[in-house]
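Before any comments, here is the structure.
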Amino acid sequence: MEDDKRQKINSLDSKIKVLSKEKESIQESCKHENTKVKFESGTNNMKLYCSECDKEVGYPSKEQIDDFLV
């Protein structure tokens, strides 16, 4: 039973690693032409993300924050 759990976890970890690399590859090839403001997960901090690939690309300007909050 314990071996089954360990095997399942190892399989999931392997899949996560493959998917993370695929996500990173997609984000690296993106031009990040359109952005959106979002709260950073689990915090009250706002960050700027690409609208297409969802990569964090920086911090929003005051104008972007104002537009987001309206």
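What the table below lists for this structure:
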| read-out | value |
| --- | --- |
| Selection within segment 59-70 - part of a loop (DSSP other than H, G, I, E, B) and open to solvent by less than 60 Å² (accessible area, probe 1.4 Å) | 60, 61 |
| Odd one out for residue 13, checked against (1) surrounded by 12 or more Cβ atoms within 10 Å (Cβ to Cβ); (2) of a type outside the set (Lys, Arg); (3) over 17 Å from the mean Cα position of the chain (by Cα) | (1) |
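Residues checked against (1) part of a loop (DSSP other than H, G, I, E, B); (2) surrounded by fewer than 10 Cβ atoms within 10 Å (Cβ to Cβ); (3) over 13 Å from the mean Cα position of the chain (by Cα); (4) acidic (Asp, Glu):
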{"residue": "5", "(1), (2), (3), (4)": "no, yes, yes, no"}
{"residue": "8", "(1), (2), (3), (4)": "no, no, yes, no"}
{"residue": "19", "(1), (2), (3), (4)": "no, no, no, no"}
{"residue": "27", "(1), (2), (3), (4)": "no, no, no, no"}
{"residue": "38", "(1), (2), (3), (4)": "no, no, no, no"}
{"residue": "44", "(1), (2), (3), (4)": "yes, yes, yes, no"}
{"residue": "48", "(1), (2), (3), (4)": "no, no, no, no"}
{"residue": "53", "(1), (2), (3), (4)": "yes, no, no, no"}
{"residue": "57", "(1), (2), (3), (4)": "no, no, no, no"}
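The values are calculated or read from the model by the stated rules, or taken from the named source; none is laboratory data. Quantities reported herein were computed from a predicted structural model and do not represent experimental measurements. All Cβ positions, even for glycine, are placed from backbone atoms using ideal geometry, and neighbour counts span all protein chains on display. Surface areas here come from the heavy atoms of the whole protein model, side chains and all, with no ligands, DNA or RNA. Shrake-Rupley method; radii C 1.70, N 1.55, O 1.52, S 1.80 Å.
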